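The values are calculated or read from the model by the stated rules, or taken from the named source; none is laboratory data. The shown structure was predicted, so the numbers you read here are calculated from the model rather than taken from an experiment. Note that we place each Cβ from the backbone using ideal geometry, even for glycine, and neighbour counts take in every protein chain shown. Side chains included, ligands, DNA and RNA excluded: accessible areas come from the protein's heavy atoms. Shrake-Rupley method; radii C 1.70, N 1.55, O 1.52, S 1.80 Å.
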Amino acid sequence: MECCDKSIVLRWAQSPPVPQGTKPLPHQVAGHVFGRDNGHKKNKIGFLQSEDGCVLKPVLGPKKGLREVDFYKRVYDTNCDDDVLLRLRLFMPGYLGVWNTPEHPGLSYLKLEDVTRKFMKPCIMDIKVGPITYDMEADPEKIKREKSKFPALEEVGFQVVGIKVYMPATDSYKTVERTFLRALDKTTILTQGISQYFTPDGVLEVQLVKAVIEKLRQIEAWFLSQRKYTFIASSLLFTYDGKALHDYKTLKKPSDSSHGHNVHGKVAENSVENSLSILNGAIIKVDNVYDSIAEVRMIDFTHVFQVNNCHDENYLTGLQSLIRYLNDLIINISESSQISS
């Protein structure tokens with residue numbers, strides 16, 4: 001398999017053709033955006049979406065790109081019997097092989113599951129995990145460049161790269177760009193950054209935050225149990241369905257009818273809280289609504305390396321810091337009563 005070489009990057013620096021049967025990936029908040037200058041090399045190669053709804057990620061590098069392809073192949077090998085990798089599949093997008101097109105000669109794409117596809121109005125946040133975002137192969141220029149991206153990184157342990165939230169009141173999206181997020185400090189990254197993702201209508205969705213924390217705890221448990229791999233500059237992709245969340249909250253609201261509600265307007269035992277709710281055409285138990293409309297997946301594996309019997313302290317530091325921040329979000333906002341339970 002070939003990767004993108006310098007000549008191809010230069011040839012497409014102005015206007016890369018969009019291959020037939022694809023389109024630039026919608027709802028993207030981070031990574032290489034197709035048709036836009038990307039990174040210090042300013043090539044315009046980026047993510048695409050195939051006509052069958054999969055994500056097409058360009059294999060660039062070439063060394064780091066091939067490393068990511070090899071990692072996906074190892075994890076999803078049909079003959080894989082490594083319990084560490086088999087459990088990791090639960091937290092990764094599905095892998096559907098490598099995709100090539102004659103319209104992009106010499107360039108290959110990873111074909112991956114689009115975890116947002118099942119959502120009507122996907123809300124997305126991308127967080128790069130770990131205080132160190134450069135590997136042992138990085139030169140001094142690369143290290144300096146990485147450290148300058150988010151000055152508070154060493155204190156915070158992670159960096160929020162992008163946020164996109166569906167606003168039901170206006171039926172539109174709000175985007176929080178990485179330039180704004182990188183200017184935040186260890187305090188405002190929570191109050192002005194992360195909090196925006198969980199407040200689509202100006203009120204904190206506490207149950208949604210709790211559901212996300214539980215998913216992060218599962219990933220933390222995997223990292224605490226494995227001593228084979230280290231993940232540098234890897235991200236967590238957060239998604240939830242803004243439309244389903246809005247519909248569910250609307251369904252829960254007290255109506256003029258007393259059926260299902262007591263005189264104080266609280267949900268009674270025989271109401272929707274203990275029934276079934278229909279979201280996105282699927283019947284699910286209400287107790288699992290927040291878990292069902294939210295996803296957290298690990299992405300970006302260009303800097304994954306095998307290690308000899310040691311924990312990935314860099315990733316764990318960032319992940320555990322993120323969990324603390326989310327717990328603080330509940331505590332801080334709850335004290336100001338700006339919550340939705």
Arrange the residues L60, L326, L66 by how much accessible surface each exposes, largest first, with a 1.4 angstrom probe. L66, L60, L326
Solvent-accessible area, 1.4 Å probe, carbon plus sulfur percent, for region 162-221: 50
Percent of all Cα-Cα pairs per 5 Å bin for region 115-245, counting from 0 up to the last occupied bin, reads 2, 10, 17, 21, 19, 15, 10, 5, 2, 0
Could you pull the accessible area for H311 with a 1.4 Å probe, rounded to 10 Å²? 50
Loop-located trypsin sites (Lys or Arg not before Pro) in region 145-212 whose Cβ has at most 12 other Cβ within 10 Å (DSSP): none
HN-Hα couplings for region 288-296 via Karplus (6.51, -1.76, 1.60; θ = phi - 60°), in whole Hz with x for Gly/Pro, come out as 9, 4, 5, 5, 6, 8, 10, 9, 10
Expected field for Y134, accessible surface area in Å² at 1.4 Å probe radius, rounded to 10, holds 60
Taking each pair of different alpha-carbon atoms in region 61-128 once, compute 1/r for the pair, average those values, and report the inverse of that mean as the Kirkwood hydrodynamic radius in Å to one decimal. 14.1
Set K23/K144; K121/K215; K64/K174; K57/K164; K23/K111, cut-off 23 Å on Cα-Cα distance; pairs above it are K23/K144; K64/K174
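Over region 51-174, what lengths in whole Å, largest first, do the semi-axes of the equivalent ellipsoid take, defined as the square roots of 5 times the eigenvalues of the alpha-carbon gyration tensor?
Sorted largest first and rounded, they come to 26, 25, 17 Å.
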Label point 7 Å beyond Cα of V307 along Cβ direction - residues of region 108-152 with amide nitrogen under 18 Å: 128-138
